[in-house]
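Taking it in order: structure first as C-alpha cells, then the write-up.
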Amino acid sequence: MSDRLPFVKVCGLSTAQDVQVAVQHGADAIGFVLTASPREVAVQQAAQLVSLVPEGIATVAVFHTEDLPTVLQRATDAAVGWVQLHGQRSAEDVNLAHAAGLKVIRAVRSDANAEEFSDWGEDLLLIDASVPGSGKSWDYAAVRELAAGRRWLVAGGLNPQNVVEALALSEATGADVSSGVESSRGVKDPALIAQFVDAAKGA
C-alpha cells in the first residue's frame, strides 16, 4: 500500500483513457466494479484494464452481495491485488481474502453500528454515506472518533470541489470517488478525474 498521503482511489473505471488519466495524476488505487451496478464491467474487461496499471498502484475489484468463493474467483480472473467488500461481511471473509493473497478494503456505512467499525484485520476501512452510491455528501466529521487510529477512506458525495474539506473534516487516511467524477451515471469524465486527484493530492 502506498505511503503517500492522502491515499486516493478512483473507482468504477471502465475505459483505458480513464485509467491512464487517474494513473498520470497520481491516484494510489484504481477500482473496477465486478458486481451489479451501472458501473459494472466484465471480468475480462477488468483484466485488460488492470494490465494498464503500473506496479505500485493498487487494483481493486468491488463486490457487494457475492459470496467469498465468487469474490475470490472473479478477483483472480481479473488479476487484481485488492478486493473491496460491501454488504453483510464477517472477519472470516477478510481472513479468507488475505489467505488468497489479496488485500482488503472493507466498506461500511456512516450510520453502521459500532461493532462494524471494529478492526477486522482489513487493510483499509471505507466509510460511505448511509445510502452508498447516492452521490450525496454527508457529515464527514461524524465518524472521526469511531475511526480514530485506523487507516480509512472517506467516500460518498465527494467531488473535486469538496474533497479537500472532506479530508480535513474526517481526518481520513484518504478518499474514494466514483459518481463525483462522472459526466452522467456510470460514465467517467477524464477532466473531472484529473481535477479530483490533483485537488486531493494538493497539486
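Could you grab me the full set of residues in region 68-111 that are in a strand (DSSP E or B), touching a residue at least 40 places away in the same chain (Cβ under 8 Å) and not small (Gly, Ala, Ser)? Across region 68-111, the qualifying residues are Trp82, Gln84, Lys103, Ile105.
Residues that are outside any helix (DSSP H, G or I), surrounded by 15 or more Cβ atoms within 10 Å (Cβ to Cβ), small (Gly, Ala, Ser) and at pLDDT 95 or above: does region 16-28 have at least one?
Yes; the residues of region 16-28 include at least one that is outside any helix (DSSP H, G or I), surrounded by 15 or more Cβ atoms within 10 Å (Cβ to Cβ), small (Gly, Ala, Ser) and at pLDDT 95 or above.
Those strands (runs of 3 or more DSSP E) of region 115-203 in which at least 1 residues are in contact (Cβ under 8 Å) with a residue 24 or more places away in the chain, among the small types (Gly, Ala, Ser) and in contact with a strand residue (DSSP E or B) (Cβ under 9 Å, 6 or more places away or on another chain), considering only elements entirely within it, cover 152-155, 174-177.
Regarding region 134-148, can at least one residue be identified that is buried (at least 19 other Cβ atoms within 10 Å of the Cβ), closer than 25 Å to Ala75 by Cβ and not aromatic (Phe, Trp, Tyr)? Scanning region 134-148 turns up no residue that is buried (at least 19 other Cβ atoms within 10 Å of the Cβ), closer than 25 Å to Ala75 by Cβ and not aromatic (Phe, Trp, Tyr).
Residue by residue, here is whether (1) surrounded by 20 or more Cβ atoms within 10 Å (Cβ to Cβ); (2) under 24 Å from Ala129 (Cβ atoms) holds:
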{"position": "Val62", "(1), (2)": "yes, yes"}
{"position": "Gly81", "(1), (2)": "no, no"}
{"position": "Ser90", "(1), (2)": "no, yes"}
{"position": "Val94", "(1), (2)": "yes, yes"}
{"position": "Ala99", "(1), (2)": "no, no"}
{"position": "Arg109", "(1), (2)": "no, yes"}
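Filtering Thr65, Thr59 for residues that are touching a Ser or Thr at 6+ places or on another chain (Cβ under 8 Å) and either not in a helix (DSSP H, G or I) or not β-branched (Val, Ile, Thr) (or both) leaves a single hit, Thr65. Taken together, the residues in region 161-199 that are farther than 17 Å from Val19 by Cα and out of contact with any Lys or Arg (no Cβ under 8 Å at 6 or more places or on another chain) amount to 12. Looking across Ala129, Ala114, one residue alone is buried (at least 16 other Cβ atoms within 10 Å of the Cβ) and small (Gly, Ala, Ser). It is Ala129. Checking the structure you have, find out if any residue of region 166-181 is farther than 19 Å from Ala29 by Cα, in contact with a Ser or Thr (Cβ under 7 Å, 6 or more places away or on another chain) and surrounded by fewer than 19 Cβ atoms within 10 Å (Cβ to Cβ). Looking through region 166-181, none of the residues is farther than 19 Å from Ala29 by Cα, in contact with a Ser or Thr (Cβ under 7 Å, 6 or more places away or on another chain) and surrounded by fewer than 19 Cβ atoms within 10 Å (Cβ to Cβ).
The values are calculated or read from the model by the stated rules, or taken from the named source; none is laboratory data. If you're wondering where the values come from, they're calculated on a predicted model, not measured in any experiment. Every residue, glycine as well, gets a Cβ built from its backbone with ideal geometry; the counts of neighbours run over all protein chains shown.
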